[in-house]
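Just below is one structure, and these are the notes that go with it.
The values are calculated or read from the model by the stated rules, or taken from the named source; none is laboratory data. A quick note: this is a predicted structure, and the numbers were derived from the prediction, not measured. As a convention, Cβ positions derive from the backbone with ideal geometry for all residues, glycine included, and neighbour counts pool all protein chains shown. Ligands, DNA and RNA are stripped out before the accessible areas are found, and what is left, the full protein with its side chains, is counted by its heavy atoms. Shrake-Rupley method; radii C 1.70, N 1.55, O 1.52, S 1.80 Å.
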Amino acid sequence: MTFSHAPQEPVTTTAPDSWTVRTIDEAEIPAFRQVASEALNIPLARQRIPLSQELIDSGRALAADLDGHIVGTTVAHPFTMTLPGGPRPVAGVSAVGVSPTHRRRGALSALMRRQLADLRSGNEAVAALFASEGGIYRRFGYGPASRAGRVVVRVREAALRRDVPRDPGLRIRLCDPEDVREQLGSVHRAAALERVGEFQRDGHWWDKVLSDSQDQQDGCTGLRCALVEGDQGPQGYALYRVKQQWDEHWVADSRLWLREVYATTPAARALLWEHVLTRDLVSTVTADSLARDDALYWLLSDPHQARTTVSHGLWVRLVDVRRALEQRSYAAPVDMTLEVTDATCPENAGRWHLSAGPDGAHCASTDRGADLSVDVAELGAAYLGDVRLGSHRAAGLLTEHTDGAVERLDTALSRSADAHCRLVF
């Protein structure tokens, strides 16, 4: 996937504040990585931003340039992400950073404006990112659209319910993840289609998931894979590390760090969680990112044993409001006019008449009176169906002109499952 300009040579634009925002070439990848690492406090050796030749050639890696030196970075990965309604093209924004020596001088604003302008000319109506500092991205129209939990389970206090689904035809084996990469890809492709927010991974992203260098292990074992298979092939997997520890009384106190778990059937999912929670000598299992409605909470006899710290997940930006609203599905009929404000993309600003339902959606510019006035950031926050506009109304962040408009739109946008993206990009 490429932008319409598809540059052969680096293309430059000069921002009003004198920053030059331009594409990069292959020779500049080391300098680009260096700035991104410094800005994000990531050791260069551990930075694994996929920067393929295709990404460079298509102009999706942008740099803020000052006097011939890269001082700011951003990338827009071309994802196929599951949205309400199915897989859609989504720009996965990443590596956003400015050198510590050039902060607060307009470089980030110039990068964000250029990136959004490029995206509007392309195929993606929606952009998404993980925010290191949320206050930054709301200024550019992104809203926090999903939440995830860091979960800690003390296994001696936890047990699965007796009635969890079982399939005697399933078997589980422990293997080197690289040896079963194809099976992992098969499971993930199917599972990602069922979870809004997940994107389909190519080889670059699997390299990141399965990376297992010595500096990542921090005293743990190498990455392990528990693979569940049946007569129809692979049905689930879990990737994890274990760190051997003993308490002051020499009682086994090892920790298991779960990288990810995916399954295509309930029985495979239950078998994986049983395997993880019953590893010998392990006292604590930690998963850094689980969906708030992950099956684990319902598989445990006592859900309180999944001690959870919730934080924001994906932030969403409607790059093209009309196209974004038309390409998603709706749980219930809705017919209303939205008055949208958008300080960064003025093409989105104005009144939009949305007529949508389970059979499709149509959105068009209109001069009708508004039922609801909302900023594009609040609309992006609600787009995946996790976040309710009602909470934004309570905070005074939108204006309801027609009684019941917020409830009707929230109902139409709602989904039965939470949005979640496990892999931070």
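A few points about this structure:
- Residues in region 387-409 that are open to solvent by 10 Å² or more (accessible area, probe 1.4 Å) and closer than 19 Å to residue 126 by Cα: 387, 388.
- Complete set of residues in region 176-199 that are exposed (fewer than 14 other Cβ atoms within 10 Å of the Cβ) and either closer than 15 Å to residue 259 by Cβ or touching a helix residue (DSSP H, G or I) at 6+ places or on another chain (Cβ under 9 Å) (or both): 176, 178
- Qualifying positions in region 376-396 - over 22 Å from residue 322 (Cβ atoms) and part of a loop (DSSP other than H, G, I, E, B): 386, 388, 395, 396
- Top-ranked residue of region 281-301 - restricted to ones that are under 15 Å from residue 160 (Cα atoms) and open to solvent by less than 10 Å² (accessible area, probe 1.4 Å), ranked as farthest from the chain's Cα centre (by Cα): 300
- Evaluation of residue 130 against the conditions (1) open to solvent by 20 Å² or more (accessible area, probe 1.4 Å); (2) of a type in the set (A, V, I, L, M, F, W, C); (3) at pLDDT below 95 shows that the sole unmet condition is (3).
- The residue of region 209-246 that is modelled with the lowest pLDDT, among those that are more than 18 Å from residue 262 (Cβ to Cβ) and part of a strand (DSSP E or B), is 246.
Residue by residue, here is whether (1) among the β-branched types (Val, Ile, Thr); (2) over 19 Å from residue 405 (Cβ atoms) holds:
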position	(1), (2)
292	no, yes
301	no, yes
305	no, yes
318	no, no
334	yes, no
343	no, yes
346	no, yes
359	no, yes
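- Residues that are under 17 Å from residue 273 (Cα atoms) and under 22 Å from the mean Cα position of the chain (by Cα) were ranked within region 146-175; the one that is surrounded by the fewest Cβ atoms within 10 Å (Cβ to Cβ) is 150.
- Among residues of region 87-119 being part of a strand (DSSP E or B) and closer than 19 Å to residue 24 by Cβ, the one that is nearest to the chain's Cα centre (by Cα) is 92.
- Taking the listed residues 83, 66, 62, the one that is crowded, with 18+ Cβ neighbours inside 10 Å and either at pLDDT below 95 or closer than 20 Å to residue 423 by Cα (or both) is 83, with no other qualifying.
- Taking the numbered list (1) within 15 Å of the chain's Cα centre (by Cα); (2) assigned to a helix (DSSP H, G or I); (3) of a type in the set (Gly, Ala, Ser) in turn, residue 324 passes all entries but (1).
- Hits in region 59-68 (condition: in a strand (DSSP E or B) and closer than 12 Å to residue 19 by Cβ): 62, 63, 64, 65, 66
- Lone qualifier among 349, 324, 331, 343 - being open to solvent by less than 20 Å² (accessible area, probe 1.4 Å) and of a type in the set (A, V, I, L, M): 324
- Only one of 141, 72, 122 that is part of a strand (DSSP E or B), open to solvent by less than 40 Å² (accessible area, probe 1.4 Å) and of a type in the set (Gly, Ala, Ser): 72
- Verdict on residue 417 being assigned to a loop (DSSP other than H, G, I, E, B) and open to solvent by 20 Å² or more (accessible area, probe 1.4 Å): yes
- Selection status of residue 135, of a type in the set (Gly, Ala, Ser), over 25 Å from residue 301 (Cβ atoms) and out of contact with any strand residue (DSSP E or B) (no Cβ under 8 Å at 6 or more places or on another chain): yes
- Hey, residue 222 in contact with an Asp or Glu (Cβ under 6 Å, 6 or more places away or on another chain), within 19 Å of residue 285 (Cα to Cα) and open to solvent by less than 20 Å² (accessible area, probe 1.4 Å) or not: yes
- Residues in region 336-372 that are under 27 Å from the mean Cα position of the chain (by Cα) and either outside the structural domain of residue 324 (by the TED database) or assigned to a strand (DSSP E or B) (or both): 338, 340, 341, 354, 356, 357, 360, 361, 362, 363.
- Qualifying residue in region 302-311 (condition: of a type outside the set (Gly, Ala, Ser), crowded, with 20+ Cβ neighbours inside 10 Å and within 22 Å of the chain's Cα centre (by Cα)): no
- Test: residue in region 26-44 that is open to solvent by less than 20 Å² (accessible area, probe 1.4 Å), outside the structural domain of residue 346 (by the TED database) and not in a helix (DSSP H, G or I): no
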